[in-house]
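The values are calculated or read from the model by the stated rules, or taken from the named source; none is laboratory data. Note that this is a predicted model, so its numbers are computed, not measured. Cβ placement follows ideal geometry from the backbone for every residue including glycine, while neighbour counts extend to all protein chains displayed. Heavy atoms of the whole protein, side chains included, go into the accessibility calculation; ligands, DNA and RNA do not. Shrake-Rupley method; radii C 1.70, N 1.55, O 1.52, S 1.80 Å.
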2 protein chains.
Amino acid sequence: MHGDNDAGQGSAGRGAAARLRIAVRSVADRVAAELRLQLAEGILLPGARLTESTIAEELGVSRNTVREAFAELASERLVVRHPNRGVFVASLVAGDIHDVYTVRRAIEVSAIRGGGTREAVAAVRAAVEEGKLAAAADDEEGLGSANQHFHGAIVALAGSPRLNAIMSQVLAEMRLFFHKATVDAHFYRGYLDDNEETHDPL
Amino acid sequence: MHGDNDAGQGSAGRGAAARLRIAVRSVADRVAAELRLQLAEGILLPGARLTESTIAEELGVSRNTVREAFAELASERLVVRHPNRGVFVASLVAGDIHDVYTVRRAIEVSAIRGGGTREAVAAVRAAVEEGKLAAAADDEEGLGSANQHFHGAIVALAGSPRLNAIMSQVLAEMRLFFHKATVDAHFYRGYLDDNEETHDPL
DNA sequence: GATCGAAGAATTGTTGAACAATTGGCAAAA
DNA sequence: TTTTGCCAATTGTTCAACAATTCTTCGATC
């Protein structure tokens, strides 16, 4: 009874699947993506609790699927699991932030050393321009976006899939941090100088 | 009926749980740990297929739990998921290996720059000694182990939890690679020199 | 009134069964 | 031989159940 399918529908279905193959991943992945988005947009604030059943209901998926999505996000450090208590949006303390910057610096310094293809270098310059424009227009949002592109481009210089992956996690953690309504400006300033030093060699 | 628990057993159970709290994690985590072990020991060879139901039966857990373990391992790149086809032990091609070394180098160079506490430096020296002893005794196994300790200690110099985490993943990937029965010795040699250069500054 | 502890409620961790969707192999047809 | 279509096996996902654990609330005791 369950191996029962008619040829007509089969071929039609295959066509649709092929068209979407690249875009459509598993449901768990899409749930993770949705949550990642809400995290980045500050809809879910650090420290907030994510209840399995609630999210399962909201997104119309099963608790089990939500669980898989949580595992994904936890491995990215965007949420933390407290055994038997639940998962919470990660809230970064000063030490964590310092640590994130340590990682970013390690990756970027190494990537810059490596040189990079002409296109990769061009991408960096483009991101810098993007940032200047946003800064001139006082566009907070755009500046943040340009910042992400800049750091992504820097790491892409190395042409290393793993470094890229690590960097995108780092950037995700930083987004989490920056959306925490008010950031201690002084604390942040210190790191800005650090950034400048990092990419000066270019 | 399901909220039914007697006080006596409750207190006894709590004692046992408290004793094991640190060691015993979730079942999914233990499954992942077991698989990680089999991966490191070369029981599961690169390219091998891991069937959910088989492993579930072997370890006496549910398929769903195995699934969670797979997610964990996949995020560590120890296995790869082919959608709708299954998970396979990751098999690293030349490019991957190069990439792993790129990451390792980036992390280690940065960690060495940072200096490190006296204890951390001592740990590095200890690992070097361990390696020398193993080499003198022609102890392949011990040499591999010493190598792991060495690189772990190097990164620990930075005192960064995130760098440590990244490094342990890198080491796990390397273990996967080294257990692939026969490794092209020449290819490997090239990287050995690289290692030497990396830690020479010490 | 404050503290402590014990039911009770809520939530997580795990299981087992079910079924749709997809894949790969194999046999029959062209 | 190549292609087509079916079958078997496996994955992806859901649902329902229950045990274990944590959180809450409510008295009882001091």
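What to note about this one:
- Single condition A:Ala40 does not satisfy, out of (1) open to solvent by 40 Å² or more (accessible area, probe 1.4 Å); (2) among the aliphatic types (A, V, I, L, M); (3) modelled with pLDDT under 95: (1)
- Of all residues in region B:118-139, those being surrounded by 12 or more Cβ atoms within 10 Å (Cβ to Cβ) and within 18 Å of B:Gly159 (Cα to Cα) number 8.
- Any hit, region B:86-105, residues being near DNA strand C (Cβ under 10 Å from one of its atoms) and farther than 30 Å from A:Val100 by Cβ: yes
- Test: B:Ile97 is more than 9 Å from chain A (Cβ to nearest Cβ), under 24 Å from A:Ala165 (Cα atoms), away from DNA strand D (no atom under 12 Å from the Cβ) and over 19 Å from the mean Cα position of the chain (by Cα): no
- Screening B:Val109 against (1) within 16 Å of DNA strand C (Cβ to nearest atom); (2) at the interface with chain A (Cβ under 10 Å from one of its Cβ atoms) leaves a single unmet condition, (1).
- Checked against the criterion of being farther than 30 Å from B:Arg67 by Cα and surrounded by fewer than 16 Cβ atoms within 10 Å (Cβ to Cβ), region A:67-87 has no qualifying residue.
- Condition check for B:Leu92: more than 30 Å from B:Ala156 (Cβ to Cβ) and assigned to a loop (DSSP other than H, G, I, E, B): no
- Residue within region A:147-163 that is modelled with pLDDT under 85 and away from chain B (no Cβ under 14 Å) present: no
- Close pairs (8 angstrom Cβ cut-off, 6 or more residues apart or separate chains): closer than 12 Å to A:Ile55 by Cα in region A:24-40, part of a helix (DSSP H, G or I) and open to solvent by 60 Å² or more (accessible area, probe 1.4 Å) anywhere: A:Val31/A:Leu59; A:Glu34/A:Leu59
- Boolean, B:Ile43 is touching a residue at least 12 places away in the same chain (Cβ under 8 Å), more than 16 Å from DNA strand C (Cβ to nearest atom) and of a type in the set (A, V, I, L, M, F, W, C): no
- Restricting attention to region A:146-178, the residues being without any contact (Cβ under 8 Å) to a residue 12 or more places away in the chain, of a type outside the set (A, V, I, L, M, F, W, C) and surrounded by fewer than 17 Cβ atoms within 10 Å (Cβ to Cβ) number 1.
- Residue selection: B:Ala90 satisfies the criterion of being surrounded by 14 or more Cβ atoms within 10 Å (Cβ to Cβ), of a type in the set (Gly, Ala, Ser) and within 21 Å of the chain's Cα centre (by Cα).
- Among residues of region B:66-83, those that are within 11 Å of DNA strand C (Cβ to nearest atom) and more than 9 Å from chain A (Cβ to nearest Cβ), counted: 3
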